[in-house]
1. Quickly run through segment 166-207 and pick out the residues that are touching a strand residue (DSSP E or B) at 6+ places or on another chain (Cβ under 8 Å) and either part of a loop (DSSP other than H, G, I, E, B) or loosely packed, with under 12 Cβ neighbours inside 10 Å (or both).
2. Consider residue 158 against the criteria (1) touching a residue at least 24 places away in the same chain (Cβ under 8 Å); (2) more than 16 Å from the chain's Cα centre (by Cα): it satisfies all of them except one. Which criterion is unmet?
3. Across segment 51-80, what is the total count of residues that are under 17 Å from the mean Cα position of the chain (by Cα) and in contact (Cβ under 8 Å) with a residue 12 or more places away in the chain?
4. Might you let me know whether segment 113-120 holds any residue that is in contact with a strand residue (DSSP E or B) (Cβ under 6 Å, 6 or more places away or on another chain) and either outside any strand (DSSP E or B) or farther than 19 Å from residue 42 by Cβ (or both)?
5. Only one residue in 17, 9 is surrounded by fewer than 13 Cβ atoms within 10 Å (Cβ to Cβ), closer than 25 Å to residue 131 by Cα, modelled with pLDDT under 85 and out of contact with any strand residue (DSSP E or B) (no Cβ under 6 Å at 6 or more places or on another chain), so which one is that?
């Protein structure tokens, strides 16, 4: 039995309310979609894209669009950088947010949206202050990955301000990295490092 399978068995034994939900229902308008519906719709779109048999580049472009409709990368970037964000110039802030957006979108795609024929389980929503936690599991073959989406309302939309994969917060993970780098590097050096990493990722993807 794999670790992921054992984890699913433990969740079932504890009575976790996780249901496999269909992802073929019509996409709801932004004004009608609550937190869980927003996540469900995005994952449904992603599943349709990966099943369509498009070219690699077209598939990645479409999946990036889905990720950006779901994840508030600007809010996540400010959160990840913490107090250091306020010390940067306006130009540095905007450059950081642009690069961070690409980091998050690429990381999210690699971790969650490139599975073939995945199934998704949804749990009960949990309200924590001003945010709502949408609990999901991605089931791919014999493996399952627990993913929580921390959703906040922005105007008439719900967006993810953090994504927690197997208990690891993406924003907290980046926050630790940025804090470590800024201990002995300037903000411009951080930006330069981010640019080089993005350029390397683009070259690897052929984009």
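1. 166, 167 - these are the residues of segment 166-207 that are touching a strand residue (DSSP E or B) at 6+ places or on another chain (Cβ under 8 Å) and either part of a loop (DSSP other than H, G, I, E, B) or loosely packed, with under 12 Cβ neighbours inside 10 Å (or both).
2. Of the numbered conditions (1) touching a residue at least 24 places away in the same chain (Cβ under 8 Å); (2) more than 16 Å from the chain's Cα centre (by Cα), the odd one out for residue 158 is (2).
3. 19
4. So far as segment 113-120 goes, yes, one or more of its residues are in contact with a strand residue (DSSP E or B) (Cβ under 6 Å, 6 or more places away or on another chain) and either outside any strand (DSSP E or B) or farther than 19 Å from residue 42 by Cβ (or both).
5. 17
The values are calculated or read from the model by the stated rules, or taken from the named source; none is laboratory data. Remember, predicted model here, so these are calculated numbers, not experimental data. No Cβ is skipped: glycine too gets one built from the backbone with ideal geometry, and neighbour counts run over all protein chains shown.
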